[in-house]
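Read-outs throughout are calculated quantities, based only on the coordinates presented, and are distinct from any laboratory measurement. Please read these numbers as outputs of a predicted model, since none were measured by experiment. When we count neighbours, we look across all protein chains shown, and the Cβ atoms used for this are built from the backbone with ideal geometry, even at glycine.
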Amino acid sequence: EADIRMAAGAPERSGLFLAYQPIVDLRTGAVRGLEALLRWDHPTRGTVTPSVFVPVAEHTGVIVPLGRWVLEQACTQLMAWRTQWWRERRQPDSVPSVSVNISGRQLAEEDFVDEVAAILQRTGAPAGSITLEITESVIMRNTESSLRTLSALKALGLRLAIDDFGTGYSSLSYLQKFPVDVLKIDRAFVEGVAQGGSDAALARTIVTLGTTLGLRTVAEGVETSSQQEALEAMGCVDGQGYLFSPARPVDEITAWLRVQT
Ligand code: G
Ligand code: G
Ligand code: MN
Ligand code: NA
């Protein structure tokens, strides 16, 4: 706990960095986006996974400054790619959009929307190329204030995704009210999607719901081509998972992007 508290105060010097996992078109493999995921090369404990330190950062509240740093890093990286792509091929817009995970603690901060606006302004990142991922359970925890905050973020031009969809007891009438663009189908449903049982039925229901509401659906945790084919057959357009690529550090993902875009 003391470790993450210290690290959040000086993220770069403490070995925290962002890795990026591609989100691709399930049919063509074309890159649709990149999800920024925190990694921590701990000086003595090796690589610590975010499923260990993110909950601690949330519990202690240091996720607020840390999350701000993550967003600024991701926006800065997006601009670095756009500059590179402009120099090399005059096509900054072919750089895919970047997704950033936002924790409930950040969303609940009174000045969250102002902070996001300030980061966009400082980095020059186009709002339309940034997607904020918020879990379904966080959104549903306080629907009225979520609705207000999400609407303000939407007004800045950001894209919004509901993360881990299907696990957080959404009321469908609320879903229609929220100004979201993307539903991310939780990995738990993707796992059994090729077996045709209840996972498949639930995944199909989410895709249909997304289509009905005019939202994109992204399947998370796609590991096999039979999952990919089953999802495609359901009408799910985008996917993300080890089948395509794990999250990779900037240098590696930049090399990968050069080939893919
Ligand atoms: O990358 P990995 O699968 O190990 O991520 C584990 C968990 O940590 C996931 O739930 C992911 O959403 C979360 N996570 C990773 N990076 C961030 C981040 O920058 N901010 C927040 N709030 N959560 C993150
Ligand atoms: O909770 P969130 O969806 O933001 O986090 C994504 C998490 O899923 C990260 O920890 C990432 O490393 C992990 N992940 C990404 N692709 C796969 C996959 O194909 N299989 C599994 N098991 N995990 C994955
Ligand atoms: Mn996510
Ligand atoms: Na998720």
In debye, nearest 20: dipole of the stretch 1-140 around its Cα centre with unit charges on the Cβ of K, R (+) and D, E (-)? 620
Return one quarter of the surface area of the convex hull spanned by the alpha-carbon atoms of the stretch 1-62, equal to its mean projected area, in nm². 5.0
For the stretch 130-261, what size does the Cα cloud have along each of its three principal axes, sorted from largest down, in whole Å? 41, 39, 22
What is the mean projected area of the alpha carbon convex hull for the chain, to one decimal in square nanometres? 13.8
At q = 0.14, 0.15, 0.24, 0.28 Å⁻¹, what is the base-10 log of I(q)/I(0) for the stretch 158-197 according to the Debye formula with one equal point scatterer per Cα and no solvent? Please give it to two decimals. -0.38, -0.43, -0.85, -0.98
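Over the chain, calculate the relative contact order: mean separation of alpha carbon pairs under 8 Å at least 6 apart, over the residue count, as a percent.
Across the chain, relative contact order equals 19 percent.
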Residue among Ile206, Val237, Val193 farthest towards the positive dipole end of the stretch 181-251, charges placed on Cβ: Ile206
